[in-house]
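Read the structure below first, then the notes.
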Amino acid sequence: MLYIIIGEKVMNRKIIALIVSGLLLLQGCATPRAGGGKTSSGGDVEQACNPLVIGAIAFAGCALISNGNKRAVTGAACAAAAMVGCYMVNSYKAQQTRTAQQVEDDYLRHNKQLPEKAALASYETKITPPAGVQRGADVQVASNIVVIPGRQDKNIKVEEKLDVIDSRGDEWGTLKKVANESGQAGEFQSSFKFRVQDAMSQGVYTVRRTVYLNNVAVRSDNGAKFQVVQGTAGMAVALLSE
């Protein structure tokens, strides 16, 4: 099993940013959505996140950034981080399950009036499967977001930022996406996936989740975690937990 060797957190972020940017430009990694929050299919994700193409970009990125650094990042680790990021970007999807009016009506059953500004009512996340995941299998992350409309800003942008971080604080993948294409409050379900890579080191990983309302972070949570351990016959296994 290959292990990631990272000396500086800032350096790691720069590498991931370079790799993902290269993928976006050369591969069309961010597939445009149609109306209703649709995203690319599983086959499209597999095609966009081609490990051979990603590996070439990753190696080139590492060569540019790690040159002269005593603790250079391995090409395999760069490719793994790029794969995680590419899967996150391509597989992310969000759909509205309740309208702003439905959420407003429910809120007013228990309150005299709406808040002055739009507010986050709840944000829940679930990681599946509940058991171990073999190397090459996918980790699924699903969230439910409820936003109450405000008296003064019923038009609102709801964004979700997600970061996959290892126990050393280094990022393996990150994305920030709009969850409400309608520009309204309401209830939304979002999901994305990423694949456990050979080069992911053992230890506990965190999926840090942050919700933004009109570009302001209103809640950040580090409660969603999974653990990558060494299994039998060199197998990487992710044990999921909340």
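In the frame of its principal axes, region 134-176 has Cα extents of 48, 22, 14 Å, reported largest first.
Summary of packing: across the peptides 207-215, 179-187, the per-residue average of other C-beta atoms within 10 Å ranks them, highest first, as 179-187, 207-215. Annotation: peptides 192-205, 82-95, ranked by per-residue average of other Cβ atoms within 10 Å with the highest first, follow the order 82-95, 192-205.
Between Asn155 and Asp105, the contour length at 0.36 nm per residue exceeds the Cα-Cα span by 16.3 nm.
Report the calculated FRET efficiency for Asp44 and Asn144 (r = Cβ-Cβ distance, R0 = 35 Å), to the nearest 0.05. Once rounded, the FRET efficiency stands at 0.90.
Since every read-out is calculated from the coordinates, none of them should be taken as a lab result. As the structure is a prediction and not an experimental result, all values here were calculated from the model. Positions of Cβ are generated from backbone atoms using ideal geometry, with glycine treated the same way; all protein chains shown enter the neighbour counts.
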